[in-house]
DNA sequence: TTATTTTATGAACAATTGTTCATATGTAGA
DNA sequence: TCTACATATGAACAATTGTTCATAAAATAA
């Protein structure tokens with residue numbers, strides 16, 4: 001991580017770009033969102049919840065995964081505030097908590113549709 | 001991956017959601033985009049290139065990383081067709097190749113700005 | 001209370017991903 | 001040609017991430 005021995009070709013351009021960059025903290029936050037969506041099971045869960053809420057075991061059926069595996073992934077999505085849950089008796093229903101993520105996913109669906 | 005012993009709470013809802021889901025192939029494609037953006041160095045590179053093209057060693061300065069490390073990450077972004085490159089003598093200039101990714105990143109910037 | 005159902009969690013293990021270092025490639029100039 | 005410079009690549013290693021299994025917790029009904 002030593003910058004001193006690195007030569008820079010165009011210092012002016014680098015300086016300008018540096019000023020336009022988000023803070024490291026915000027870059028990490030953006031990375032965290034992308035990380036949350038960069039696992040097939042988690043993305044499938046979010047896609048499933050785009051339409052309607054589902055309970056854990058129905059999500060497990062949709063994802064072809066064990067209840068436990070799905071529960072772990074739901075916890076990650078919950079921690080990221082991408083999904084929320086409500087309990088009804090023994091059953092825990094999960095749904096989307098974040099509108100920005102919906103737009104994000106729509107955008108990537110477009111991308112896949114046009115460029116795939 | 002055996003579905004037979006999994007009970008389903010609301011079969012009708014599950015069936016409807018299943019029909020609305022993108023194909024597994026397209027889910028993988030979307031995941032690949034998110035994966036590409038889910039490393040701080042790679043995201044910073046893409047953010048830097050949003051404004052203007054840069055050569056490898058200037059990107060290395062911006063990211064506080066070795067030329068080699070940056071080159072590896074650039075290869076991943078190149079494989080994903082997120083960035084493109086042009087050679088000018090000894091210097092290789094990289095720039096953004098994909099408009100959808102720009103929108104995707106703008107969306108996540110909004111998210112961080114509003115909900116951070 | 002006990003048994004059953006649904007979901008959650010911890011810990012061990014497996015798989016993926018990123019980093020580093022040495023070396024190779026391609027370009028330009030002497 | 002030889003040398004220097006900018007970038008790329010392979011392989012070993014380190015770190016992160018996901019999966020599995022056993023078990024725990026919460027709610028309900030008997």
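The values are calculated or read from the model by the stated rules, or taken from the named source; none is laboratory data. Note that this is a predicted model, so its numbers are computed, not measured. Don't worry about glycine lacking a Cβ; one is built from the backbone with ideal geometry, like all the others, and counts go over all protein chains shown.
Values computed for the structure shown
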{"read-out": "Given (1) within 30 Å of residue B:16 (Cβ to Cβ); (2) over 21 Å from the mean Cα position of the chain (by Cα), index of the condition residue A:47 fails", "value": "(2)"}
{"read-out": "Pairs, first closer than 22 Å to residue A:109 by Cα in region A:50-68, second near DNA strand C (Cβ under 8 Å from one of its atoms) and part of a helix (DSSP H, G or I), C-beta under 7 Å, six or more apart", "value": "A:59/A:70; A:63/A:70"}
{"read-out": "Residue B:28 being modelled with pLDDT of 95 or more, over 25 Å from residue A:22 (Cβ atoms) and within 12 Å of DNA strand C (Cβ to nearest atom)", "value": "yes"}
{"read-out": "Some residue of region B:89-108 being within 11 Å of DNA strand C (Cβ to nearest atom) and out of contact with any strand residue (DSSP E or B) (no Cβ under 6 Å at 6 or more places or on another chain)", "value": "yes"}
{"read-out": "Helices (runs of 4 or more DSSP H) wholly inside region A:1-105 containing at least 2 residues that are within 9 Å of another protein chain (Cβ to nearest Cβ) and surrounded by 15 or more Cβ atoms within 10 Å (Cβ to Cβ)", "value": "A:11-20, A:24-36, A:40-51, A:56-63"}
{"read-out": "Qualifying positions in region B:43-73 - out of contact with any helix residue (DSSP H, G or I) (no Cβ under 7 Å at 6 or more places or on another chain) and either near DNA strand D (Cβ under 7 Å from one of its atoms) or farther than 24 Å from residue B:32 by Cα (or both)", "value": "B:55, B:64, B:68, B:72"}
{"read-out": "Residue B:90 vs. criteria over 29 Å from residue A:54 (Cβ atoms) and within 16 Å of DNA strand D (Cβ to nearest atom)", "value": "yes"}
{"read-out": "Breaking point among (1) farther than 24 Å from residue B:101 by Cβ; (2) out of contact with any helix residue (DSSP H, G or I) (no Cβ under 7 Å at 6 or more places or on another chain), for residue A:106", "value": "(1)"}
